[in-house]
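Below is one structure; the comments refer to it alone.
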Amino acid sequence: MKRAHVAALLAYVDKLDPGRAPATQEAVLERLDAWADVLLEVEPRAPHPEGHDWDASHAVRRHIARSPYPIKASDISRPWYAFQADVVRRHAGTFEPELHPEIDPDAEFGNAYVAALRAQLRAVASGEQPAVTSRAIGPAALATETPQQAYQREELVRRMKAGHRAGREENARRLALVSAHPDLLAAMHRLPGQRMWRGSVGGNRHVAAIVAEAEARTTIREEQHA
């Protein structure tokens, strides 16, 4: 906080609590010097990602309204550092390399990257740059798809649908296979959780064994009628 900001803040203190204002010019300057030292790294205002923005004058008003003790500079600095820690904790920490063309990605050491990341965190902590809490999931933060990305996404969807369709067909095949043998179907339905079995095997070895038995019987039957 600049000295002018501290002076304005102290004027607000004296307005709200005039009975404790310094009586002499010398005392006024001494208080200003002391507060300026303590509040050197405190910002007058700063944004919060959830709208609980920081305003040093609000901290003054809260203290005077709630505490019977004279306000000190630390009554402003302590809540500021708590606010600052909360904002940094909520920051997603994403780092966009394209915003830092000066950084060589092939550099032997990552000093430039670390320096840029620290500068970003300092900017977030001071309120110079707003914290980003949902960059990875917010639709507004998604970059425009390139034709190649669109093709890859469509291909992935196509393969997922094909896999799902093939799974349904395989389930139907196994269901028909086991249903052709009433004793095996009854044994399947007696298994825990398989009363409404629809052909899925999953990792159940008992289900897999019954399906294997049905396949073996079907193979033998087909060979006998060949």
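The values are calculated or read from the model by the stated rules, or taken from the named source; none is laboratory data. This structure is a prediction, so every number in the text was calculated from the model and none was measured. No Cβ is skipped: glycine too gets one built from the backbone with ideal geometry, and neighbour counts run over all protein chains shown. Surface areas here come from the heavy atoms of the whole protein model, side chains and all, with no ligands, DNA or RNA. Shrake-Rupley method; radii C 1.70, N 1.55, O 1.52, S 1.80 Å.
Values as computed for the structure displayed
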item: Members of the stretch 46-70 found to be among the hydrophobic types (A, V, I, L, M, F, W, C) and either within 18 Å of R3 (Cα to Cα) or part of a helix (DSSP H, G or I) (or both), listed by number; result: A46, A56, A59, V60, I64, A65
item: Residues that are in a helix (DSSP H, G or I) and in contact (Cβ under 8 Å) with a residue 40 or more places away in the chain, drawn from the stretch 1-34; result: H5, L9, Y12, V13, L16, R20
item: Which numbered condition G163 fails, given (1) modelled with pLDDT of 70 or more; (2) open to solvent by 50 Å² or more (accessible area, probe 1.4 Å); result: (2)
item: Of all residues in the stretch 2-21 being over 12 Å from R61 (Cα atoms) and in contact with a helix residue (DSSP H, G or I) (Cβ under 7 Å, 6 or more places away or on another chain), the one that is surrounded by the most Cβ atoms within 10 Å (Cβ to Cβ); result: V6
item: Residues of the stretch 201-211 satisfying the condition of being assigned to a helix (DSSP H, G or I) and open to solvent by 50 Å² or more (accessible area, probe 1.4 Å); result: R205, H206, A209
item: Failed criterion for R198 (all others in (1) without any contact (Cβ under 8 Å) to a residue 24 or more places away in the chain; (2) under 46 Å from the mean Cα position of the chain (by Cα); (3) open to solvent by 60 Å² or more (accessible area, probe 1.4 Å) hold); result: (1)
item: A59 being free of Cβ contacts under 8 Å to residues at least 24 places away in the same chain and either of a type in the set (G, A, S) or surrounded by fewer than 13 Cβ atoms within 10 Å (Cβ to Cβ) (or both); result: yes
item: Boolean, A140 is under 30 Å from E50 (Cα atoms), open to solvent by 40 Å² or more (accessible area, probe 1.4 Å), at pLDDT below 80 and not in a loop (DSSP other than H, G, I, E, B); result: yes
